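The values are calculated or read from the model by the stated rules, or taken from the named source; none is laboratory data. This is a predicted model, so every value here is computed, not measured. Virtual Cβ from ideal backbone geometry, glycine too; neighbours counted across all protein chains shown.
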Amino acid sequence: EPDWLEVVNLNDALPVDLSGLHFALDGYAVGLSSPGFLEAGGYRAFYPVNIPRRGSLRFKIPSAGAELGLLDSQGNLLDKISFGLQIEGTSLGRLPNGIGGFQQFSEQATPGQKNVIQESSSIVINEIMARNQTVIYPGMAGTPDWIELFNKTDGLIDLSGMRLRLDGGDEWVLPDGIYLEGHDHFIVWFDGDDLIRRGEFPGIVVDRSLPPSGASIELLTAEGRQLDQLRFGIQVIDQTIGRKGNQWQLLAEGTPGKVNGNAALLGSTDDLRINEWSGGGEGDDWLELYQRGNQPVDISALYLTDDPSLAGKTKHAIANLSFVGPKSWVVFRADGEPQRGSDHLNFRLSSKGETLRIYSDSLNVIDEILVAESFVQGGSNGRLPDGEDRLVSFDVVETSKGIPNHTQIEGLQINELLLTPRTPSGRAIEVLNFGANPVDISGWAIGSERSSLDAFRLPAGTVVGPGQFHVLHEAFWLPSDIIRSRDWQISLTERIYISEIDSQGIPTGRRLSAPVLPTHWNESFGKFDLSHVDEFARLQSATFGKSLTESLETFQLSAGGQNVIPSMGPLVISELLIDTKTGATLLPSILDGVEFIEVYNRSNESVILSDTVRNLRGWRLAGGVSYHFKSDVELEPGQVLLVVNYDPSKEPMITGALQQSWGLPLMVSVYGPFKGRLDNGGDLVRLQELVMLPNSMGLEHNAESLGWVDEDRIEYASDVSWVTPLQSGVFSLHRLDQDSYGNVSLNWGFNSPSPGQLSEVTHPKQNSGFIQGLSLVEGGIVLEIATQVGVRYTVQHTDALNRGHWNDLRTLTGTGDSDVVFDASPYQDTRFYRVIAEQSISPD
């Protein structure tokens, strides 16, 4: 906090002119840089001139003590104080206010306000949940974070107008009429998923989540005086921190609205390892720790450093109240900007090699790593398996920040999953061998990072033939000693892993993995090979070969099959306008920076996006931007609506400019503002629907809970797989076919913005760039490519789809006819080809 001093105008009737006012520090008088007037009965805090927007004081106040005087324009002494050594974070002030003697205020400084003694011990922040991923409380949906307040007195306290402030910025005011009984608790729920407001429960709701990597929380009076404050660091999934006596500790179990539970049993810091790191090249530097033990570990006051000197041991101190869970990972961003959060280090990783160490609070080395000079561009280096001694390099697709380290398995991939069957023991995982040789996966492990990577083993004789699918049915999984099949709990924040196990029963670190997606009962999700990215998506129908609806026995005969296209909802994203630049155009400047997302109802029925009465319905935008529809919103068939990055109720002039400049129809509804911005370099935008979903934590009882599912998504990019306009101006990204899957670059093109109108846009790459023919000849392979005049194409190949790397074979310019490309002697049993149009045709 900066130095400051405060003056008060004791005249309650007249203002006072501060011109000519001087302060004297140890007899040396200085004037003010911007005096002004002080209103009747008003207060003014003066800060040093180096404080932006507030500074007018031409000296700093010595913490060792001094004499301060207040002089009028004639040099007459109006007031003075002599003080000695000051305690950091405290202030001196008169009590009674303005006329009494000076006394110390500890954590109750009130610059620019009346001095009072606040009963700071009467109400306190008592418990915090900042990383809730799976804990569901009675009477509510979702997994909210929360802050608990506690009345330490016997009497009733009025909470009306009190505020919670996060990191000195965002504030939330408690509404009028809230009273807290003596020794009672009050909960503020933080609901970033917009789920819990749809239930019945005590407390109030804030529509955001708490930062899991740490923050500063303040409890303030209605006037802004601080009652309590807590700064915490990196948190453990599903566990709280709370008061135990006069100390804050990690608790074994969260108890919102009740007396705090027992402190958690903590493990040893000796189980910490520097596990993976990336830096020294392009992109963000980062460093990952892994905790090998079975209990959470307190990492507060440990030190991370890249400086081997004696003074460098304490280069970066990990924030107070920071913890890492059992067999879990914590990632620090090595960006040299620790002010950005507890997970940011005050150093970057060197491209020339260095030694990384983690020290205990007694400055003993817990672990160290000698980082080699060479870095894998876009990849990382680390231990394999996690926490073990062997160090390896990971390529781009193998980098595993915050999840288990692994290397890819050539020729094998997880292709489709069914995790929410109505029938007990009906879960299934389909794998595909796209290699030339059979792969024996007998004895391999199935699991997830939170429950166990080794939850089940595959039976003997589990072999995937070349070019074959193989369905791994739950009924044949061999559970470990510590878990039963139906007890395997999987959260939507995890990944599924199939891990190679060697002949000694030890994991090798080679794994297959897939994300866990929210799905309806008996709905599968699988890999979808797109033009620009491979992703997992909910499928229109399961393609295991047999249906689970027939019988479990019949389903277990499934041999697998090619995945169908992803499922699509009734609403789709039809147009994106990204960061309007009006400077070189004739557009009104009021449109500068405007962004919008257009949503279209492609179905034959009206769709309710939000219903204030039946609030179990809902839609939202998520991803790089976020917006929740909360009023009564309904979209008729064939109609569109617009979500913008400004508040249309407060800035109707911008909406008017959209109507005049780009023909936005008057009847089209405009909503906003959405949070965030659409990134020019690429971003992910999701259109999600609120539905009742199987609760993967309670499949045994066919339990359901509210959740969000993707009904449409687009992950646009700035690379060559996406068309970009060659001419200058303002262009938006238009969906070409409203009934085709959205996350395919060939289904999008640039054209002039047309908000509220479905424009006729054709893709400059359509009907070109595809492989018309492929033939094996002596010495190689011949490919026949359909082209369009003036478009540049790059033909690429790879011998393994899961490596994420494609090699250029040839670049050519389209003639409008078919062109022939020759690949000489690939020397591989399997080779994949693709064609990318690198230069687009300018839109009309």
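Which count do you get for residues in region 284-319 that are farther than 16 Å from Gly382 by Cβ and assigned to a strand (DSSP E or B)?
6
Please verify whether Ser661 is touching a residue at least 12 places away in the same chain (Cβ under 8 Å) and of a type outside the set (D, E, K, R), treating the condition exactly as stated.
Here the answer is yes, as Ser661 does meet what is asked.
From (1) over 30 Å from Val691 (Cα atoms); (2) more than 24 Å from the chain's Cα centre (by Cα); (3) free of Cβ contacts under 8 Å to residues at least 60 places away in the same chain, pick out the condition that doesn't hold for Glu218.
For Glu218, the failing item is (2).
Does any residue of region 638-657 turn out to be over 30 Å from Val744 (Cβ atoms), polar (S, T, N, Q), surrounded by 16 or more Cβ atoms within 10 Å (Cβ to Cβ) and modelled with pLDDT of 95 or more?
Checked against the condition, which is being over 30 Å from Val744 (Cβ atoms), polar (S, T, N, Q), surrounded by 16 or more Cβ atoms within 10 Å (Cβ to Cβ) and modelled with pLDDT of 95 or more, region 638-657 yields at least one hit.
Quick one: what pairs do we get from region 298-318, first residue without any contact (Cβ under 8 Å) to a residue 24 or more places away in the chain, second surrounded by fewer than 21 Cβ atoms within 10 Å (Cβ to Cβ) and β-branched (Val, Ile, Thr), C-beta under 8 Å, 6+ apart or different chains?
none
Please enumerate the residues belonging to region 632-675 that are within 17 Å of Pro753 (Cβ to Cβ) and part of a helix (DSSP H, G or I).
Of everything in region 632-675, those that are within 17 Å of Pro753 (Cβ to Cβ) and part of a helix (DSSP H, G or I) turn out to be Ile654, Thr655, Gly656, Ala657, Leu658, Gln659, Gln660, Ser661, Trp662.
Give me the pairs, please: first residue somewhere in region 160-186 and touching a residue at least 12 places away in the same chain (Cβ under 8 Å), second residue anywhere and acidic (Asp, Glu) and surrounded by fewer than 18 Cβ atoms within 10 Å (Cβ to Cβ), beta-carbon distance under 6 Å, and either six or more positions apart or on two chains.
Within 6 Å, the pairs are Ser160/Asp176; Arg163/Glu171; Arg165/Glu171; Tyr179/Asp158; Gly182/Asp154.
Residue-wise test of (1) of a type in the set (A, V, I, L, M); (2) closer than 30 Å to Ser513 by Cβ; (3) at pLDDT 80 or above.
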| site | (1), (2), (3) |
| --- | --- |
| Leu783 | yes, no, yes |
| Gln788 | no, no, no |
| Asp799 | no, yes, no |
| Asp808 | no, yes, yes |
| Thr813 | no, no, yes |
| Asp823 | no, no, yes |
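Every residue, every condition in (1) among the aromatic types (Phe, Trp, Tyr); (2) free of Cβ contacts under 8 Å to residues at least 60 places away in the same chain; (3) assigned by TED's automatic domain parsing to the domain that holds Arg427; (4) farther than 29 Å from Glu398 by Cβ, yes or no:
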site: Ser499; (1), (2), (3), (4): no, no, yes, no
site: Ser503; (1), (2), (3), (4): no, yes, yes, no
site: Ser513; (1), (2), (3), (4): no, no, yes, no
site: Thr519; (1), (2), (3), (4): no, no, yes, no
site: Glu535; (1), (2), (3), (4): no, no, yes, no
site: Ser541; (1), (2), (3), (4): no, yes, yes, yes
site: Thr549; (1), (2), (3), (4): no, yes, yes, yes
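Among the acidic types (Asp, Glu) and touching an Asp or Glu at 6+ places or on another chain (Cβ under 9 Å): does that describe Asp228?
yes
Just checking, which of Arg208, Arg231 is surrounded by fewer than 18 Cβ atoms within 10 Å (Cβ to Cβ), among the basic types (Lys, Arg) and outside any loop (DSSP other than H, G, I, E, B)?
Arg231
Please give the number of the condition Thr240 fails out of (1) closer than 25 Å to Ile136 by Cβ; (2) more than 23 Å from the chain's Cα centre (by Cα).
(2)
Quick one: what pairs do we get from region 822-833, first residue among the acidic types (Asp, Glu), second part of a loop (DSSP other than H, G, I, E, B) and modelled with pLDDT of 70 or more, C-beta under 7 Å, 6+ apart or different chains?
Partner pairs satisfying both residue conditions: Asp829/Ala436.
Restricting attention to region 141-157, does a residue exist that is in contact with a Pro (Cβ under 8 Å, 6 or more places away or on another chain) and farther than 30 Å from Arg340 by Cα?
There is no residue in region 141-157 that is in contact with a Pro (Cβ under 8 Å, 6 or more places away or on another chain) and farther than 30 Å from Arg340 by Cα.
Can you pull out every residue in region 437-455 that is assigned to a loop (DSSP other than H, G, I, E, B) and among the aliphatic types (A, V, I, L, M)?
Listed by number, the list holds a single entry, Ile441.
Tell me, yes or no, whether region 456-471 has at least one residue that is within 20 Å of Phe528 (Cα to Cα), outside any loop (DSSP other than H, G, I, E, B) and of a type outside the set (Val, Ile, Thr).
The answer is yes, given that some residue of region 456-471 is within 20 Å of Phe528 (Cα to Cα), outside any loop (DSSP other than H, G, I, E, B) and of a type outside the set (Val, Ile, Thr).
Determine, yes or no, whether Asp647 is more than 30 Å from Ser705 (Cα to Cα), within 29 Å of the chain's Cα centre (by Cα) and in contact (Cβ under 8 Å) with a residue 60 or more places away in the chain.
Numbers: more than 30 Å from Ser705 (Cα to Cα): yes; within 29 Å of the chain's Cα centre (by Cα): yes; in contact (Cβ under 8 Å) with a residue 60 or more places away in the chain: no.
In short, no.
Looking only at region 618-631, count every residue that is over 21 Å from Pro753 (Cα atoms), in a strand (DSSP E or B) and among the hydrophobic types (A, V, I, L, M, F, W, C) and tell me the total.
Of the residues in region 618-631, 2 are over 21 Å from Pro753 (Cα atoms), in a strand (DSSP E or B) and among the hydrophobic types (A, V, I, L, M, F, W, C).
Among the residues of region 551-594 satisfying the criterion of being out of contact with any strand residue (DSSP E or B) (no Cβ under 8 Å at 6 or more places or on another chain) and of a type in the set (Gly, Ala, Ser), which is nearest to Met653 (Cα to Cα)?
It comes out as Ser589.
For region 334-359, which residues satisfy the criterion of being surrounded by fewer than 20 Cβ atoms within 10 Å (Cβ to Cβ) and within 19 Å of the chain's Cα centre (by Cα)?
Within region 334-359, Asp335, Glu337, Pro338, Gln339, Arg340, Gly341, His344 qualify.
Report the residue count in region 49-73 for those that are among the aliphatic types (A, V, I, L, M), at pLDDT 80 or above and assigned to a loop (DSSP other than H, G, I, E, B).
Initially, region 49-73 is screened for residues among the aliphatic types (A, V, I, L, M), giving 49, 51, 57, 61, 64, 66, 68, 70-71.
This time we only want the ones that are at pLDDT 80 or above, so: 61, 66, 68, 70-71.
Now restrict to residues that are assigned to a loop (DSSP other than H, G, I, E, B): 61.
Residues in region 49-73 being among the aliphatic types (A, V, I, L, M), at pLDDT 80 or above and assigned to a loop (DSSP other than H, G, I, E, B): 1 in total.
Please go through region 472-507 and give me each residue that is within 18 Å of Thr423 (Cα to Cα), under 33 Å from the mean Cα position of the chain (by Cα) and at pLDDT 90 or above, ordered by number.
Leu472, Glu474
Take Val613 and decide whether it is in a loop (DSSP other than H, G, I, E, B), in contact with a Ser or Thr (Cβ under 9 Å, 6 or more places away or on another chain) and over 22 Å from Leu736 (Cβ atoms). Even if it seems obvious, please write down each step before you answer.
Numbers: in a loop (DSSP other than H, G, I, E, B): yes; in contact with a Ser or Thr (Cβ under 9 Å, 6 or more places away or on another chain): no; over 22 Å from Leu736 (Cβ atoms): yes.
So Val613 does not fit the description; no.
Under 6 Å between Cβ atoms, at least 6 apart or on separate chains: pull out the pairs that start in region 591-620 with a residue that is within 12 Å of Pro637 (Cα to Cα) and end on any residue that is basic (Lys, Arg).
Ile608/Arg617
Among the strands (runs of 3 or more DSSP E) lying completely within region 325-410, list those that include at least 1 residues that are farther than 18 Å from Gly312 by Cα.
In region 325-410, the matching strands (runs of 3 or more DSSP E) lie at 328-333, 380-383, 391-394.
Applying the selection to region 130-180, what residues are closer than 14 Å to Val206 by Cα and assigned to a strand (DSSP E or B)?
Correct list: Asp145, Trp146, Ile147, Glu148, Arg163, Leu164, Arg165, Leu166, Glu171, Trp172, Val173.
Of the conditions (1) free of Cβ contacts under 8 Å to residues at least 60 places away in the same chain; (2) out of contact with any helix residue (DSSP H, G or I) (no Cβ under 9 Å at 6 or more places or on another chain); (3) within 23 Å of Gly233 (Cβ to Cβ); (4) not basic (Lys, Arg), Ser213 fails just one. Which one is it?
(1)
If you check every pair at least six apart or on different chains, which have Cβ atoms under 6 Å apart with a residue in region 88-116 that is loosely packed, with under 14 Cβ neighbours inside 10 Å first and a residue that is of a type in the set (Ser, Thr, Tyr) and at pLDDT below 65 second?
From residues that are loosely packed, with under 14 Cβ neighbours inside 10 Å, the pairs are Thr90/Ser106.
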